[in-house]
Amino acid sequence: MGKDSLFGNEPSSKFLKVLKEHGEVYTNPKILKQNVENHFRKVEQATAQNEFINVNLAKEIKDVCMALISYYDNANNNEKRYINATINYFTTSDDEEEDFFSPIGFDDDAEIVNECLELIGKENLRIDI
């Protein structure tokens, strides 16, 4: 259940904001995969300049995003929208917490991923933050 929700599997206000800002970009799984891989490469490159980037958490998020992409073709329209928003949020570095400059830069991404997993019934992929 979304954290702010009283009515079952409804998105929290934070996730609704992510949906509004990142969920309207519909794309196909191939492009989503490419975007995730490109963003993770940037993460790896950025660690050369900033040793405090949590590359391990970024890798976990990347792996869960890849699992979400594998599920994409079986997802209903709402789930596809949640997955799109989640992946688009992850691949945006200057979201709630700047990914490349803060040691907690991927914590917000992991929270969004975890809520997406909860909303689509894939809690077994949950990331420990």
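The values are calculated or read from the model by the stated rules, or taken from the named source; none is laboratory data. All of these numbers come straight from a predicted model, not from anything done at the bench. All Cβ positions, even for glycine, are placed from backbone atoms using ideal geometry, and neighbour counts span all protein chains on display.
For the reader, a short list of remarks on this structure follows.
- Screening Gly8, Gly2 for residues that are at pLDDT below 90 and touching a Pro at 6+ places or on another chain (Cβ under 6 Å) leaves exactly one candidate, Gly2.
- The residue list Tyr82, Tyr72 contains one member that is touching a Cys at 6+ places or on another chain (Cβ under 6 Å) and either crowded, with 16+ Cβ neighbours inside 10 Å or modelled with pLDDT under 95 (or both), which is Tyr82.
- The number of residues in the stretch 83-98 being assigned to a helix (DSSP H, G or I) and either under 15 Å from Ala110 (Cβ atoms) or β-branched (Val, Ile, Thr) (or both) comes to 6.
- The single condition from (1) at pLDDT 95 or above; (2) touching an Asp or Glu at 6+ places or on another chain (Cβ under 6 Å); (3) among the small types (Gly, Ala, Ser) that Gly105 fails is (1).
- Verdict on His22 being buried (at least 16 other Cβ atoms within 10 Å of the Cβ) and in contact with a Phe, Trp or Tyr (Cβ under 6 Å, 6 or more places away or on another chain): yes
- Subset tally (residues that are touching a helix residue (DSSP H, G or I) at 6+ places or on another chain (Cβ under 9 Å), in a loop (DSSP other than H, G, I, E, B) and not small (Gly, Ala, Ser)) for the stretch 21-61: 8
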